[in-house]
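Novice: Below are the structure tokens for one structure; questions will follow.
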Amino acid sequence: MFMKNTLNANTKTLFPASSLLSLTDAARFLGYKTNRPISRMIKSGILPTYVLPDSKRKRVKVSDLMNLIKVVYPIDHASSD
């Protein structure tokens, strides 16, 4: 249903930011084994969903998933002395 662009067999799949993923694919994208955490985020209002025409299934935008990911840099304790 969604576009997949693969670089080669040894790289991960790339998703365009505007792609819509199923809840299962969204969970895998974030590293979860089940879609339960995604469902909780939707229910709590953290993650918006979209429904395609002629479908009842909820979808999640890749860009919304990317907004949930935060980069954390380690603190260099040696330089603070």
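Novice: Is it the case that T34 is surrounded by fewer than 16 Cβ atoms within 10 Å (Cβ to Cβ), at pLDDT 95 or above and touching a helix residue (DSSP H, G or I) at 6+ places or on another chain (Cβ under 8 Å)?
Specialist: Values: surrounded by fewer than 16 Cβ atoms within 10 Å (Cβ to Cβ): yes; at pLDDT 95 or above: yes; touching a helix residue (DSSP H, G or I) at 6+ places or on another chain (Cβ under 8 Å): yes.
So T34 fits the description; yes.
Novice: Consider the stretch 21-41. How many of its residues are more than 12 Å from L65 (Cβ to Cβ) and either more than 12 Å from the chain's Cα centre (by Cα) or among the charged types (D, E, K, R) (or both)?
Specialist: 5
Novice: A further question on this structure: List every residue pair whose Cβ atoms sit under 6 Å apart, with the two residues 6 or more apart in sequence or on different chains, where the first one lies in the stretch 40-58 and is under 14 Å from A26 (Cβ atoms) and the second, anywhere, is of a type in the set (A, V, I, L, M) and assigned to a loop (DSSP other than H, G, I, E, B).
Specialist: Every condition considered, the pairs that remain are M41/L47.
Novice: Could you check, for the stretch 43-53, whether at least one of its residues is under 16 Å from I69 (Cβ atoms), at pLDDT below 95 and either in contact with a His (Cβ under 7 Å, 6 or more places away or on another chain) or of a type in the set (S, T, Y) (or both)?
Specialist: No, because not a single residue in the stretch 43-53 is under 16 Å from I69 (Cβ atoms), at pLDDT below 95 and either in contact with a His (Cβ under 7 Å, 6 or more places away or on another chain) or of a type in the set (S, T, Y) (or both).
The values are calculated or read from the model by the stated rules, or taken from the named source; none is laboratory data. All values reported here derive from a predicted model rather than from experimental measurement. All Cβ positions, even for glycine, are placed from backbone atoms using ideal geometry, and neighbour counts span all protein chains on display.
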